[in-house]
Amino acid sequence: MNIRILTLIVLFLLGSQTLAQSGFILNEDSFYFGATPSESVISRTFYCRSISDDTIRVSSIRTGCGCMIAEPTQFDLLPGDSTAVRIFWDTRNSSGLETRPAYIFTEDSNKPLRIDFSAVCGSPEELDRQLVSLPLKPVFLKKPKSTADIKKSITIRNLTEENIKLSLINTPDKFNIVVPDSLGAAKADRIRISLKSSEWSEYLSDSFTILISVDDNEIQTVTIPLTCSLVKRGSLLTKAKK
(Lines give C-alpha, C1' and ligand atoms only; values in the text may rest on other atoms or scores of the structure.)
Protein backbone atom coordinates (compact mmCIF):
# COMPACT_ATOMS: atom_id res chain seq x y z
CA MET A 1 0.00 0.00 0.00
CA ASN A 2 1.19 3.54 -0.76
CA ILE A 3 2.96 4.96 2.33
CA ARG A 4 1.16 8.30 2.03
CA ILE A 5 -2.25 6.61 1.92
CA LEU A 6 -1.31 4.38 4.86
CA THR A 7 -0.23 7.44 6.86
CA LEU A 8 -3.53 9.20 6.15
CA ILE A 9 -5.47 6.13 7.25
CA VAL A 10 -3.50 5.91 10.51
CA LEU A 11 -4.03 9.62 11.22
CA PHE A 12 -7.75 9.28 10.50
CA LEU A 13 -8.06 6.29 12.86
CA LEU A 14 -6.12 8.10 15.58
CA GLY A 15 -8.33 11.15 15.18
CA SER A 16 -11.47 9.02 15.26
CA GLN A 17 -10.22 7.30 18.41
CA THR A 18 -9.60 10.66 20.09
CA LEU A 19 -13.10 11.85 19.21
CA ALA A 20 -14.60 8.59 20.42
CA GLN A 21 -12.74 8.89 23.69
CA SER A 22 -13.67 12.52 24.28
CA GLY A 23 -17.27 12.19 23.11
CA PHE A 24 -17.41 15.71 21.63
CA ILE A 25 -15.93 17.84 18.86
CA LEU A 26 -15.01 21.50 18.41
CA ASN A 27 -16.32 23.72 15.63
CA GLU A 28 -12.71 24.79 14.88
CA ASP A 29 -9.22 23.71 15.91
CA SER A 30 -7.60 27.15 15.63
CA PHE A 31 -8.28 30.86 15.18
CA TYR A 32 -5.97 33.58 13.86
CA PHE A 33 -6.53 37.12 15.20
CA GLY A 34 -3.98 38.65 12.83
CA ALA A 35 -2.48 42.04 13.62
CA THR A 36 -3.35 42.90 17.22
CA PRO A 37 -2.18 45.77 19.44
CA SER A 38 -0.52 44.86 22.74
CA GLU A 39 -1.82 46.16 26.07
CA SER A 40 -5.34 44.92 25.32
CA VAL A 41 -7.79 42.03 25.64
CA ILE A 42 -8.91 40.05 22.59
CA SER A 43 -11.53 37.31 22.58
CA ARG A 44 -13.05 34.50 20.59
CA THR A 45 -16.02 32.14 21.02
CA PHE A 46 -15.74 28.48 20.02
CA TYR A 47 -18.27 25.67 20.41
CA CYS A 48 -18.14 22.20 21.95
CA ARG A 49 -20.65 19.76 20.42
CA SER A 50 -21.51 16.35 21.80
CA ILE A 51 -21.28 13.32 19.49
CA SER A 52 -22.05 10.88 22.28
CA ASP A 53 -25.23 9.08 23.28
CA ASP A 54 -24.45 9.89 26.90
CA THR A 55 -24.08 13.15 28.81
CA ILE A 56 -20.49 14.44 28.62
CA ARG A 57 -19.04 16.33 31.57
CA VAL A 58 -16.41 18.90 30.58
CA SER A 59 -14.39 19.05 33.79
CA SER A 60 -11.90 21.81 32.95
CA ILE A 61 -10.50 24.08 30.26
CA ARG A 62 -6.83 24.85 30.79
CA THR A 63 -4.73 27.40 28.94
CA GLY A 64 -1.39 26.94 30.68
CA CYS A 65 -0.94 30.71 30.74
CA GLY A 66 -2.18 33.36 33.15
CA CYS A 67 -2.65 35.64 30.15
CA MET A 68 -5.62 33.61 28.86
CA ILE A 69 -8.80 32.40 30.53
CA ALA A 70 -11.98 30.67 29.35
CA GLU A 71 -15.57 30.87 30.50
CA PRO A 72 -17.28 28.64 31.33
CA THR A 73 -14.66 26.06 32.31
CA GLN A 74 -17.05 23.33 33.48
CA PHE A 75 -20.36 22.25 31.95
CA ASP A 76 -22.46 19.27 30.85
CA LEU A 77 -23.08 18.38 27.22
CA LEU A 78 -26.31 16.47 26.59
CA PRO A 79 -26.41 14.13 23.57
CA GLY A 80 -26.29 16.28 20.42
CA ASP A 81 -26.04 19.46 22.47
CA SER A 82 -23.46 22.23 22.07
CA THR A 83 -22.04 24.88 24.42
CA ALA A 84 -20.31 28.16 23.62
CA VAL A 85 -16.96 28.85 25.30
CA ARG A 86 -15.38 32.30 25.16
CA ILE A 87 -11.65 32.81 25.64
CA PHE A 88 -10.06 36.12 26.72
CA TRP A 89 -6.39 36.78 25.94
CA ASP A 90 -4.46 39.56 27.67
CA THR A 91 -1.79 40.52 25.08
CA ARG A 92 0.16 42.73 27.48
CA ASN A 93 3.24 40.48 27.53
CA SER A 94 2.90 39.16 23.96
CA SER A 95 5.12 40.33 21.10
CA GLY A 96 5.33 39.28 17.47
CA LEU A 97 3.65 36.08 16.31
CA GLU A 98 2.34 34.28 19.39
CA THR A 99 0.24 31.13 19.78
CA ARG A 100 -1.71 30.20 22.91
CA PRO A 101 -3.41 26.78 23.23
CA ALA A 102 -6.45 25.80 25.26
CA TYR A 103 -7.10 22.20 26.36
CA ILE A 104 -10.61 20.88 26.99
CA PHE A 105 -10.79 17.95 29.44
CA THR A 106 -13.69 15.64 30.25
CA GLU A 107 -14.21 13.47 33.33
CA ASP A 108 -14.10 10.29 31.22
CA SER A 109 -10.88 10.96 29.30
CA ASN A 110 -7.38 12.18 30.12
CA LYS A 111 -6.74 13.06 26.47
CA PRO A 112 -8.02 16.61 25.96
CA LEU A 113 -9.00 18.29 22.73
CA ARG A 114 -6.79 21.25 21.82
CA ILE A 115 -7.59 24.55 20.16
CA ASP A 116 -4.91 27.12 19.22
CA PHE A 117 -5.22 30.90 19.14
CA SER A 118 -2.63 32.98 17.28
CA ALA A 119 -1.98 36.70 16.86
CA VAL A 120 0.74 39.08 15.70
CA CYS A 121 1.04 41.37 18.72
CA GLY A 122 2.80 44.72 18.85
CA SER A 123 2.50 48.47 19.05
CA PRO A 124 0.48 50.21 16.30
CA GLU A 125 3.73 51.38 14.71
CA GLU A 126 5.10 47.82 14.54
CA LEU A 127 2.05 46.29 12.88
CA ASP A 128 1.73 46.05 9.12
CA ARG A 129 -0.82 48.48 7.65
CA GLN A 130 0.01 48.26 3.94
CA LEU A 131 -3.55 47.52 2.79
CA VAL A 132 -5.61 49.80 5.00
CA SER A 133 -5.20 52.72 7.34
CA LEU A 134 -6.89 51.80 10.61
CA PRO A 135 -6.31 52.90 14.22
CA LEU A 136 -4.80 49.71 15.65
CA LYS A 137 -5.41 50.50 19.30
CA PRO A 138 -8.18 49.73 21.80
CA VAL A 139 -11.41 51.61 21.15
CA PHE A 140 -12.59 53.27 24.37
CA LEU A 141 -16.31 53.66 25.17
CA LYS A 142 -16.80 55.95 28.15
CA LYS A 143 -19.46 55.68 30.82
CA PRO A 144 -22.89 56.73 29.50
CA LYS A 145 -24.71 59.79 30.87
CA SER A 146 -28.10 58.65 29.63
CA THR A 147 -29.99 55.48 28.69
CA ALA A 148 -29.23 55.95 24.98
CA ASP A 149 -26.94 53.48 23.23
CA ILE A 150 -23.23 54.32 23.38
CA LYS A 151 -21.93 54.85 19.86
CA LYS A 152 -18.46 55.15 18.42
CA SER A 153 -16.93 54.92 14.96
CA ILE A 154 -13.45 54.56 13.50
CA THR A 155 -12.20 55.31 10.00
CA ILE A 156 -10.83 52.62 7.72
CA ARG A 157 -9.11 53.70 4.50
CA ASN A 158 -8.08 51.61 1.51
CA LEU A 159 -4.41 52.32 0.75
CA THR A 160 -4.33 50.21 -2.40
CA GLU A 161 -5.33 50.89 -6.00
CA GLU A 162 -7.71 47.93 -5.98
CA ASN A 163 -11.13 47.28 -4.52
CA ILE A 164 -10.94 45.37 -1.25
CA LYS A 165 -13.54 43.30 0.56
CA LEU A 166 -14.08 43.42 4.32
CA SER A 167 -15.58 40.57 6.35
CA LEU A 168 -16.39 40.54 10.06
CA ILE A 169 -15.14 37.08 11.08
CA ASN A 170 -15.11 37.45 14.86
CA THR A 171 -17.77 39.35 16.78
CA PRO A 172 -17.82 40.63 20.38
CA ASP A 173 -20.34 39.37 22.90
CA LYS A 174 -22.21 42.57 23.84
CA PHE A 175 -21.09 45.17 21.30
CA ASN A 176 -22.74 45.64 17.93
CA ILE A 177 -20.30 46.08 15.02
CA VAL A 178 -21.14 47.28 11.50
CA VAL A 179 -18.35 46.94 8.93
CA PRO A 180 -18.64 48.10 5.29
CA ASP A 181 -18.66 45.19 2.83
CA SER A 182 -16.04 46.75 0.58
CA LEU A 183 -13.85 49.78 -0.06
CA GLY A 184 -13.02 51.21 -3.47
CA ALA A 185 -9.46 52.12 -4.42
CA ALA A 186 -8.15 54.85 -2.07
CA LYS A 187 -11.62 55.21 -0.51
CA ALA A 188 -12.53 55.49 3.18
CA ASP A 189 -15.55 54.53 5.29
CA ARG A 190 -16.53 54.13 8.94
CA ILE A 191 -16.71 51.07 11.18
CA ARG A 192 -19.60 51.66 13.57
CA ILE A 193 -19.58 50.37 17.14
CA SER A 194 -22.46 50.50 19.61
CA LEU A 195 -23.23 49.22 23.10
CA LYS A 196 -26.44 49.37 25.11
CA SER A 197 -25.96 51.68 28.09
CA SER A 198 -27.29 48.96 30.40
CA GLU A 199 -24.44 46.67 29.28
CA TRP A 200 -21.67 49.17 30.08
CA SER A 201 -19.21 48.14 32.80
CA GLU A 202 -15.77 49.43 33.71
CA TYR A 203 -14.58 45.81 33.53
CA LEU A 204 -15.94 45.15 30.04
CA SER A 205 -13.30 44.30 27.43
CA ASP A 206 -13.77 42.52 24.10
CA SER A 207 -12.69 42.66 20.45
CA PHE A 208 -13.71 42.14 16.84
CA THR A 209 -11.75 40.75 13.88
CA ILE A 210 -11.84 41.82 10.23
CA LEU A 211 -10.63 39.81 7.24
CA ILE A 212 -9.39 41.95 4.34
CA SER A 213 -9.31 40.35 0.89
CA VAL A 214 -8.47 41.32 -2.68
CA ASP A 215 -9.90 39.34 -5.61
CA ASP A 216 -11.27 36.74 -3.16
CA ASN A 217 -7.77 36.07 -1.80
CA GLU A 218 -7.43 36.36 1.97
CA ILE A 219 -4.76 38.97 2.46
CA GLN A 220 -4.79 40.39 5.98
CA THR A 221 -6.52 39.87 9.31
CA VAL A 222 -6.84 42.63 11.90
CA THR A 223 -8.30 42.56 15.43
CA ILE A 224 -9.53 45.73 17.15
CA PRO A 225 -9.90 45.58 20.96
CA LEU A 226 -12.80 47.28 22.74
CA THR A 227 -12.68 48.57 26.31
CA CYS A 228 -14.77 50.57 28.77
CA SER A 229 -11.89 51.48 31.06
CA LEU A 230 -8.56 53.27 30.67
CA VAL A 231 -7.40 52.15 34.13
CA LYS A 232 -4.34 49.88 34.06
CA ARG A 233 -4.80 46.92 36.40
CA GLY A 234 -2.53 44.07 37.41
CA SER A 235 -4.41 41.98 34.89
CA LEU A 236 -6.57 43.14 32.00
CA LEU A 237 -8.70 40.04 32.52
CA THR A 238 -10.45 41.41 35.62
CA LYS A 239 -13.80 41.51 33.82
CA ALA A 240 -13.71 37.86 32.78
CA LYS A 241 -12.76 36.75 36.30
CA LYS A 242 -15.72 38.50 37.98
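The values are calculated or read from the model by the stated rules, or taken from the named source; none is laboratory data. None of the values given here were measured: they were computed from a predicted structure. We place every Cβ from the backbone using ideal geometry, glycine too, and count neighbours over all the protein chains shown.
Assorted remarks:
- Taking first residues from the stretch 158-184 that are in contact (Cβ under 8 Å) with a residue 60 or more places away in the chain and partners that are surrounded by 13 or more Cβ atoms within 10 Å (Cβ to Cβ) and among the small types (Gly, Ala, Ser), the Cβ contacts under 9 Å between residues at least 6 apart in sequence or on separate chains come to Asn170/Ser43; Asn170/Ser207; Pro172/Ser43; Pro172/Ser207; Asp173/Ser43.
- Every residue from the stretch 55-79 that is on the phi < 0 side of the Ramachandran plot and at pLDDT below 90: Cys65, Gly66
- Of all the listed residues (Ile164, Ile156, Ile115, Ile150), the sole one being touching a Leu at 6+ places or on another chain (Cβ under 8 Å) and assigned by TED's automatic domain parsing to the domain that holds Phe46 is Ile115.
- Some residue of the stretch 180-188 being under 26 Å from Glu39 (Cα atoms), exposed (fewer than 14 other Cβ atoms within 10 Å of the Cβ) and more than 17 Å from the chain's Cα centre (by Cα): no
- Filtered residues of the stretch 76-128 (kept if polar (S, T, N, Q) and under 21 Å from the mean Cα position of the chain (by Cα)): Ser82, Thr83, Thr91, Asn93, Ser94, Ser95, Thr99, Ser118, Ser123
- Filter pass, Asp173 being more than 18 Å from Ser43 (Cβ to Cβ), of a type outside the set (A, V, I, L, M) and in the same structural domain as Arg190 (by TED's automatic domain parsing): no
- Failed item in (1) in contact with a helix residue (DSSP H, G or I) (Cβ under 8 Å, 6 or more places away or on another chain); (2) surrounded by 14 or more Cβ atoms within 10 Å (Cβ to Cβ); (3) at pLDDT below 90, with Thr160 passing the rest: (1)
- Comparison of Ile177, Ile191, Ile169 shows that the only residue that is in contact with a strand residue (DSSP E or B) (Cβ under 7 Å, 6 or more places away or on another chain), crowded, with 21+ Cβ neighbours inside 10 Å and either among the β-branched types (Val, Ile, Thr) or under 21 Å from Glu28 (Cβ atoms) (or both) is Ile191.
- Candidates Ala119, Ala70 - the one that is touching a Gly at 6+ places or on another chain (Cβ under 8 Å) and among the hydrophobic types (A, V, I, L, M, F, W, C): Ala119
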